[in-house]
Amino acid sequence: MTEILSQDEIDALLNAISSGEVSEDEYSSVGEQKKVKIYDFKRPDKFSKDQIRTLQMMHETFARLATTGLSAQLRALVHVHVAAVDQLTYEEFIRSIPNPTTLAVINMDPLRGSAILEIDPSISFTIIDRLFGGKGETAKISRELSEIEMSVMEGIIVRILGNMREAWSTVIDLRPRLGNIETNPQFAQVVPPNDMVVLINLETKIGEVEGLTNLCIPYITIEPIINKLSAQYWYSSIRKGELDENRSIIQERLDQVQIPVIAEVGSVDISILDFMNLNVGDVVKLENTTTRSDMLVKVGERKKFKCLPGRVGNRLAIQIGDRVEDIPDELLGSTRSEQEY
């Protein structure tokens, strides 16, 4: 608790400081300084730390899928991983990428707007060289893609978008489609320069060649699902997906299980003595059973259907009728003789 000085004490303290008897620093009280965060209204933060972290986790899955897909397609050792996830203005993103470059405009259905996938020229020409039969060695080439090279890159990007759809499946059923490919960043104005975007930097390595693949998603595009970009929602979606996958596996295994299906002709009560004296060729008369009576079909030990006997070719058969699950056992009678088909 702060001590309150009287007026006489205050006057005495001021006189002592004036005469130099005490130092001013001894009695100066400095309050706790508050940290001031500079806020730039031209560059407002649109994404929280949790949302940035969720986007990073989603695209780590995307990077793993892209690594596997590109390695198989290029028949080379490919490694893709997330280097950073940042938010910045679209103008800052455009200024940070080289010219010319491989810049794909992606339609983010069912989300509105478009995203940008930018592939470093060194990575693009390495991919093209590998697909044309070369070794994919480092080549410092700075030029626009030819029509044939553009067509090759379209196939690669479409395949990458398939990986992107799978990585986003825990949040939304995204259907990304390749719009067009540009080489000059100034021609790819998908949002105004000052609009905020999230930029996912993917370090890509093909053999000995390294470069960046950048995925730029405007805030206006991702805004409808911004509430779903939380770690809690993402993990719960993954858990639900695992449960659905386990359920489908169990269902698939159950579909292959063999079970006995028995057609019950009828029933009769006989004594133990009569049962012990039964021999081959003896005839047992079934009570209350005629040739037009319905038979019962049992699955395992459960009575399931009524049925009618008949033939299909040279084989005995039955025709399934109504269900009998809800009929009390006392009305159906007890099983005493059975014939399997």
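The values are calculated or read from the model by the stated rules, or taken from the named source; none is laboratory data. As the structure is a computational prediction, the values presented were derived from the model and not from experiment. Neighbour counts run over all protein chains shown; Cβ positions are idealised from the backbone, glycine included. Areas reflect the complete protein model, heavy atoms only, side chains present, ligands, DNA and RNA absent. Shrake-Rupley method; radii C 1.70, N 1.55, O 1.52, S 1.80 Å.
Miscellaneous remarks
- Residues in the range 253-281 that are of a type outside the set (A, V, I, L, M) and open to solvent by 80 Å² or more (accessible area, probe 1.4 Å): Arg253, Asp255, Gln256, Gln258, Asp269, Asp274, Phe275, Asn277, Asn279.
- Each residue in the range 282-299 was checked for being surrounded by 10 or more Cβ atoms within 10 Å (Cβ to Cβ), out of contact with any Cys (no Cβ under 6 Å at 6 or more places or on another chain) and of a type outside the set (Asp, Glu), and 7 of them qualify.
- Taking the listed residues Tyr219, Tyr235, the one that is within 30 Å of Leu70 (Cβ to Cβ) and modelled with pLDDT under 75 is Tyr235, with no other qualifying.
- Only a single criterion out of (1) under 11 Å from Ala263 (Cβ atoms); (2) touching a residue at least 24 places away in the same chain (Cβ under 8 Å) is not satisfied by Val284, namely (1).
- Members of the range 158-184 found to be open to solvent by less than 80 Å² (accessible area, probe 1.4 Å) and part of a strand (DSSP E or B), listed by number: Pro176, Leu178, Gly179, Asn180, Ile181, Glu182
- Annotation: of all residues in the range 100-152 being among the charged types (D, E, K, R) and within 32 Å of the chain's Cα centre (by Cα), the one that is modelled with the highest pLDDT is Glu118.
- Contact map, the range 199-211: residues that are assigned by the TED database to the domain that holds Asp129 paired with residues that are charged (D, E, K, R) and open to solvent by less than 70 Å² (accessible area, probe 1.4 Å), Cβ distance under 8 Å, separation 6+ or inter-chain. Pairs shown: Thr204/Asp120; Ile206/Arg130; Gly211/Asp120.
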